[in-house]
Amino acid sequence: MHLAVTLERLDRKCNVHVEREELRIPYRETVTMAGQAEGKHKKQSGGHGQFGVCHLRIEPLPRGEGFAFHDEVVGGAIPRQYIPAVEKGVIETMAGGGVFGYPVVDIAVTVDDGKAHSVDSNEVSFKMAAATAFRQAMHEAGPLLLEPICRLEVTIPADSQGDVLGDLHSRRARIVGTDQGDGGFQIVSALAPTAELTRYAVDLRALTGGRGSFTAAYDHYDVVPEHLVAAIAQAAV
């Protein structure tokens, strides 16, 4: 309600038109097993064409490790000057979204083979070939959708504890503990998906008659339950 009133005033008094968007949850993707694929990029349109082939292996890294790239090409199958283009193609494809349409994290990529043409090969060719290989390998490697988890600390009147705990459970929260606060208040600690907390300030006030408060901070990423994956992937389209 406060937001709606503020936007109306901006429009009426200042002639400032504001566009609103729904909050976007920063989902991520990773893989659960090794996968591999060969990517080819070939284009001929008169004069010099484009040609590049690279073979990639991918495998999961521990949660939070980010990204690692390894060059194991031997015998000059891919000329040294094109290896950075392969890495760039992988990084850009990871950022653009994997199988579910969200950025890919915690993955190691190894380029171990490929082919080049003395005339038609260039950086763009190997960048495109790497992107194709990475997308194909992702499908083989057991892709997994991850969601951000927040650490919550909720301060509530003791007589509201049952309602608040029930509400947290409905939000897929895991209760970490409860402590006695001052003045008859209880402090509930929990881990909850960020996606379930977009309206929590409003709902907590309703549950506690305006007497509850909370703090939330990012804690880690965890696996999205399988029954929710399809809907989240659809939202990324």
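Structural remarks
- Label-to-label distance, nm, for residues given as Thr32 and Val74 (7 Å Cα→Cβ offset): 3.4 nm
- Cα-based helix-to-principal-axis angle, 123-140 vs the chain, degrees rounded to 10: 60 degrees
- Each 10 Å bin, from zero up to the one with the longest distance, holds this percent of the alpha carbon pairs of segment 125-172: 18, 26, 15, 14, 16, 9, 1.
- For the chain, size of Cβ-based charge dipole, Lys and Arg +1, Asp and Glu -1, in debye: 680 debye
- As a rough guide to protection, the peptides 224-234, 121-131, 29-39, 157-167 ranked by mean Cβ packing within 10 Å, highest first, stand as 121-131, 29-39, 157-167, 224-234.
- Computed over segment 2-80, Cα set: Rg, Dmax in Å: 24.9, 70
- Once the Cα-Cα distance is subtracted from the 0.36 nm per residue extended length, the Ala4 to Glu19 segment shows a gain of 4.2 nm.
- Note on the chain: antiparallel DSSP beta bridges, both residues inside, total approximately 90 percent of the bridges counted.
- Positive end of the dipole of the chain (Cβ unit charges, origin at the Cα centre): among Met128, Val18, Ala233, the Cα lying farthest that way belongs to Val18.
- The fraction of all Cα pairs in segment 89-131 landing in successive 5 Å bins from 0 to the largest distance is 5, 18, 28, 20, 14, 9, 5, 1, given as whole percents.
- Positive dipole terminus of the chain, leading residue within Ser213, Val111, Gln186 (C-beta point charges): Val111
- Note that segment 87-102 has calculated 3J(HN,Hα) couplings of 4, 4, x, 5, 4, 5, 5, 4, 5, x, x, x, 4, 9, x, 10 Hz, one per residue in order, obtained from phi through the Karplus relation 6.51 cos²θ - 1.76 cosθ + 1.60 (θ = phi - 60°); glycine and proline are x.
- Cα centroid separation - segment 158-237 against segment 101-140, whole Å: 41 Å
- In units of the compact-protein estimate 2.2 N^0.38 Å, segment 51-155 shows a Cα radius of gyration of 1.24.
- Note, ³J(HN,Hα) from phi for segment 52-66, Karplus 6.51, -1.76, 1.60, rounded to Hz, x at Gly and Pro: x, 9, 9, 10, 10, 10, 10, 7, x, 10, x, 4, x, 6, x
- P(r), alpha carbons of the chain - 5 Å bins starting at zero, rounded %: 1, 6, 11, 12, 11, 10, 10, 9, 8, 7, 6, 4, 3, 1, 1, 0, 0
- Gain upon complete extension [Asp182, Asp112; 0.36 nm per residue less C-alpha separation]: 19.0 nm
- Normalised per residue, the volume of the convex hull around the Cα set of segment 138-214 (Å³): 88 Å³
All of the numbers you see were taken from the coordinates with simple rules; none came from a lab. As the structure is a computational prediction, the values presented were derived from the model and not from experiment. Neighbour counts run over all protein chains shown; Cβ positions are idealised from the backbone, glycine included.
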